[in-house]
Amino acid sequence: MSRNLIKEGITKVVGGWRKEFPILEGHPIGQQHGEEVVKSIENLKRGDDKCKEFRIYRWSPHNPNQKPYFQSFFLHLPSCGPMVLDALQKIKGEVDSSLTYRRSCREGICGSCAMNINGVNTVACLKPIDTDTSRPMTITPLPHLFVIKDLVVDLSDFYHQYKSIEPWLKTRNPPPEGKEYRQTPEERKKLDGLYECILCACCTTSCPSYWWNPEEFLGPAALINTYRWISDSRDDFANERLQAITEDERRLYRCRAIGNCTACCPKSLRPSEAISKMKTKHLTGIPVETLSNNRKTSH
Ligand code: SF4
Ligand code: SF4
Ligand code: FES
């Protein structure tokens, strides 16, 4: 019996084998995407029908009287890259150049290709194509924002909210020796799980509290970045930062700890955990140094 047949047999009996990616340790969403890619490649090797339907939300300000609609595109998967962004690039390059979306780095660093794919907010360049051709992939803009065109949404409020938390190092004294503010490795480690935020807005636009209170509530992206600066040993304004997000309690406390933000973050960050630590600090006055930050802790 061939190795593949044995593997397939095991898969049927135990419900799937796990492929481990050591480099993605501590990054469960990356691990999940890696597994999906492996599965997709196997599907492609096996499948007869390799044409996949992509249902994409379309709306153009040039035809303001036309309601938004879904347009289907069919792609031959073996001639397409493995990620959803590859499919969009192929459609734009070869089928319909009017399809509009943001993208830049194509490797999960810039955050610009955030959209909703099969009902979940994520970045298209890190989301593998589901190669099961019996069902389409549905792609829509990030929810609850004004659409500018097709998959491009207006992020002005999102950026204003981010700017309002003053996301830069604020100190009272010049650096020792006039050069740089230094950290110990332990102090630097406290920023892990926070500094990696790429401002994609997946979390904020998946948050029901933000949907209903977009003007009052800062949203999980701005708040995890507030916590990033509160946790920074070089920053001298932790208390002022906390005060700024609690003067109007709706900025922080409109979070109801639902956890959608943490569930969808494509960088496997935990905004809800950061928010709950700030609530604890605010309510109890516990110093932030003792509210350890560890992305592996359970939510
Ligand atoms: S945990 Fe808070 S910020 Fe995150 S989705 Fe829920 S309500 Fe929104
Ligand atoms: S916390 Fe995650 S989902 Fe939210 S903006 Fe940052 S990277 Fe995107
Ligand atoms: S293109 Fe930069 S995150 Fe996707």
### Query
On the given criteria, is Thr205 within 16 Å of ligand 3 (Cβ to nearest atom), in a helix (DSSP H, G or I) and outside the structural domain of Cys105 (by TED's automatic domain parsing)?
yes
### Query
Which of the residues belonging to the range 180-212 are among the charged types (D, E, K, R) and within 11 Å of ligand 2 (Cβ to nearest atom)?
Glu196
### Query
Leu283 fails exactly one of the following numbered conditions: (1) more than 14 Å from ligand 1 (Cβ to nearest atom); (2) at pLDDT below 95; (3) outside any helix (DSSP H, G or I). What is the number of that condition?
(3)
### Query
In this structure, is Phe217 over 24 Å from the mean Cα position of the chain (by Cα) and aromatic (Phe, Trp, Tyr)?
no
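Here is a yes/no grid of residues against (1) surrounded by fewer than 18 Cβ atoms within 10 Å (Cβ to Cβ); (2) part of a loop (DSSP other than H, G, I, E, B); (3) within 16 Å of ligand 3 (Cβ to nearest atom):
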site: Glu196; (1), (2), (3): yes, yes, yes
site: Ala221; (1), (2), (3): no, no, yes
site: Arg234; (1), (2), (3): yes, yes, no
site: Asn239; (1), (2), (3): yes, no, no
site: Leu242; (1), (2), (3): no, no, no
site: Leu252; (1), (2), (3): no, no, no
site: Ile258; (1), (2), (3): yes, yes, no
site: Pro266; (1), (2), (3): no, yes, yes
### Task
Being more than 9 Å from ligand 1 (Cβ to nearest atom) and surrounded by fewer than 21 Cβ atoms within 10 Å (Cβ to Cβ) is the filter here, so list the residues in the range 268-278 that pass it.
Ser268, Lys277
### Message
Condition (residue is within 16 Å of ligand 2 (Cβ to nearest atom) and of a type in the set (Ser, Thr, Tyr)) applied to the range 71-92: is it met by at least one residue?
### Response
no
### Query
Would you say Leu252 is under 29 Å from Val153 (Cα atoms) and either in the same structural domain as Cys110 (by TED's automatic domain parsing) or modelled with pLDDT of 95 or more (or both)?
yes
### Query
Looking only at residues in the range 100-117 that are hydroxyl-bearing (Ser, Thr, Tyr) and near ligand 3 (Cβ under 8 Å from one of its atoms), which one is surrounded by the fewest Cβ atoms within 10 Å (Cβ to Cβ)?
Ser104
### Message
For the structure I just gave you, tell me whether Gly119 is assigned by TED's automatic domain parsing to the domain that holds Lys45 and within 16 Å of ligand 1 (Cβ to nearest atom).
### Response
yes
### Query
Only one residue in Glu20, Glu8 is of a type in the set (Asp, Glu), part of a helix (DSSP H, G or I) and either modelled with pLDDT under 85 or more than 25 Å from the chain's Cα centre (by Cα) (or both), so which one is that?
Glu8
### Query
What are the residue pairs meeting all of these: first residue in the range 95-109, first residue on the phi > 0 side of the Ramachandran plot, second residue of a type outside the set (S, T, N, Q) and surrounded by fewer than 16 Cβ atoms within 10 Å (Cβ to Cβ), Cβ atoms under 9 Å, and 6 or more apart or on different chains?
none
### Task
Report, by residue number, each residue of the range 60-80 that is surrounded by fewer than 10 Cβ atoms within 10 Å (Cβ to Cβ) and assigned to a helix (DSSP H, G or I).
Ser79
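The values are calculated or read from the model by the stated rules, or taken from the named source; none is laboratory data. Since this is a predicted model, take the numbers as computed values, not measurements. Methodologically, a virtual Cβ is constructed for each residue, glycine included, from the backbone with ideal geometry; neighbour enumeration extends over all protein chains shown.
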